[in-house]
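Throughout, read-outs are computed from the coordinates displayed, never taken from laboratory work. Note that the structure is predicted; figures quoted are calculated from it, not measured. With ideal geometry, Cβ positions are generated from the backbone for all residues, glycine too; neighbour counts draw on all protein chains shown.
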Amino acid sequence: MSQLQKICIAGAGGRMGRMLIEAVTKAPDCVLGGALDVPDSPGMGLDASGFLGTASGVTITSDVAHALKGCHALIDFTRPEGTMLHLEQCRKQGVNLVIGTTGFSDAQKQELLEASKDIAIMLAPNMSVGVNVTLKLLELAAKSLSSGYDIEIIETHHRHKVDAPSGTALKMGEVVAQALGRDLKGHAVFAREGITGARDPQAIGFSAIRGGDIVGDHTVMFAGIGERIEITHKSSTREGYAEGALRAVRFLSGKKSGMYDMFDVLGLNS
């Protein structure tokens, strides 16, 4: 990628938005081109990099069309309703979209897929390089432990996370189910209470824990007779997500359309 990438950040006033802004300002091949947030954000009207003690000349705004003007890519880690609003303007202005938002409905996912005919989109529930390597390990483990092992996915996040299970946990379930030739929708178990009966050996269980300021822990357990294999990824900061997002921007540079994920970005699809 030779062209300097002009990037707009959605949710610029929030914790993740600020981390993305900091990562962009440190990257020699990227520049902050726009900053978006909701109208009642405390940062509205302020310089987007002011919290770093520097002036970017980019003001946080809720005007999507204005913020995207002249940008090559938008990085969006917001909410589904916000992402879908931004999507419309990205299509109009030909701005590529890197999405870390989770909790999309099937209809919204279909809309994103349709939009990828006009712009390049990288959609991933987790942009951490480590998480995506973990997903690849899970694919291998599931194929090797295809019978005789019960599969449970346990995820832990901070008290403010609004969706459960996490998008990363669901992605882990999808990867495992695909490797086993199962349909996750037909085999996922999201809650157990009361007299549930014996465990369905084909089930893929999910447990969600919320508390404190935990950034994100994910464990997939393959529980057999006499042994248990656990594959775990733990995040202590969000820096890995920000760096992964910039790698995605670089990957999309020069692409006019298409739907991609972090396996494409990291070359893990082969």
| Long-range tail of P(r) for the stretch 129-235 (Cα pairs > 19 Å, %) | 42 percent
| request: Please sort by residue number the chymotrypsin sites (Phe, Trp or Tyr not before Pro) in the stretch 168-270 whose DSSP state is loop and whose Cβ has at most 16 other Cβ atoms within 10 Å. | output: Phe190
| query | Among 57-65, 115-123, 5-13, what's the highest-first ranking by average C-beta atoms within 10 angstrom per residue? | reply | 5-13, 115-123, 57-65
| Rg and Dmax [Cα atoms of the stretch 61-130; Å; Rg one decimal, Dmax integer] | 11.5, 35
| Relative to the first principal axis of the alpha-carbon coordinates of the chain, what is the inclination of helix 129-144, with its axis defined by its Cα atoms, in degrees from 0 to 90 and to the nearest 10? | 20 degrees
| query | Over the chain, how many percent of alpha carbon pairs lie in each 5 Å bin up to the one with the longest distance? | reply | 1, 6, 13, 16, 18, 15, 12, 8, 5, 3, 2, 1, 0
| remark: Within the stretch 129-235, the percent of DSSP beta bridges that are antiparallel, given to the nearest 5, stands at 60 percent
